[in-house]
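The values are calculated or read from the model by the stated rules, or taken from the named source; none is laboratory data. Quantities reported herein were computed from a predicted structural model and do not represent experimental measurements. Cβ: placed from backbone, ideal geometry, glycine included. Neighbour counts: every protein chain shown.
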Amino acid sequence: MRVEEYKDKHFTEFYSLYLDWDMDFTVNKEDVQTRLAMVLDHPENRVLLVTEGDAVLAYAQIRDSYDIGLEPYLEIIQLLVKKSKRSKGVGKLLLQEIETLARSKGFSGVKLHSNIIRSRAHVFYERNGYNYFKCSKFYEKNLHK
C-alpha cells in the first residue's frame, strides 16, 4: 500500500470507491468528474489516495485552511476507506500521511467534520488521537430553486 496524489488515471477506481460510501444520495460519474476537477483546480486542495497496484483503497480530500482568529491548519474535507478494507490500517496510513504533510507546512494541526451518525468513524478518529471539541449545526440554503 502506498499514499499518492490523485491523477486522472485513477478516476475509474476512484469513482468506484466513491460509490462505496454509504450516502443517502447518488452522484453520477460525470458530476463526480466535474466536481473533482473543480476541487483540483484550486491549489489549496489536494486529493490523496491509498493505492495497492491499480486499486484505490481510500481517499481523502484535504484543504489548507486559513481562518481569522485561528492558527492555520489542514482540514480533512472527506475521507473514505473502501468497506472491505476498513479496520486494516488503510485509514491510519492515510491519516499519518496527512499529519506529516500538515507538519511540513507548519500547520497547528488537522481538523475534520464527521457526520453525527458515523459512530464507527468517530471511534477511528479518537483511536488515532483526534479529540472531539465542538458540536455545531450545519445549515444550507438551496439557491437553485
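A compact table of results
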| read-out | value |
| --- | --- |
| Of residues in region 73-97 being part of a helix (DSSP H, G or I) and touching a residue at least 60 places away in the same chain (Cβ under 8 Å), the one farthest from A60 (Cα to Cα) | K83 |
| Close pairs (8 angstrom Cβ cut-off, 6 or more residues apart or separate chains): in contact (Cβ under 8 Å) with a residue 12 or more places away in the chain in region 125-144, among the charged types (D, E, K, R) anywhere | N128/K92 |
| The lone exception for V3 - which of (1) touching a helix residue (DSSP H, G or I) at 6+ places or on another chain (Cβ under 6 Å); (2) modelled with pLDDT of 95 or more; (3) surrounded by fewer than 17 Cβ atoms within 10 Å (Cβ to Cβ) it fails | (3) |
| The lone exception for M38 - which of (1) over 18 Å from G129 (Cα atoms); (2) surrounded by 11 or more Cβ atoms within 10 Å (Cβ to Cβ); (3) among the aliphatic types (A, V, I, L, M) it fails | (2) |
| Among (1) β-branched (V, I, T); (2) under 16 Å from W21 (Cβ atoms); (3) under 13 Å from the mean Cα position of the chain (by Cα) - the single one V56 does not satisfy | (3) |
| Any chance T100 is under 27 Å from D8 (Cβ atoms), among the polar types (S, T, N, Q) and in a strand (DSSP E or B) | no |
| Identity of the residue in region 109-135, among the hydrophobic types (A, V, I, L, M, F, W, C) and not in a helix (DSSP H, G or I), that ends up farthest from G89 (Cα to Cα) | C135 |
| Residue tally, condition over 20 Å from S16 (Cα atoms) and buried (at least 17 other Cβ atoms within 10 Å of the Cβ), over region 66-92 | 4 |
| Qualifying residue in region 13-26 (condition: surrounded by 13 or more Cβ atoms within 10 Å (Cβ to Cβ), in a strand (DSSP E or B) and hydroxyl-bearing (S, T, Y)) | no |
| Region 1-12, residues that are part of a strand (DSSP E or B) and without any contact (Cβ under 8 Å) to a residue 40 or more places away in the chain | none |
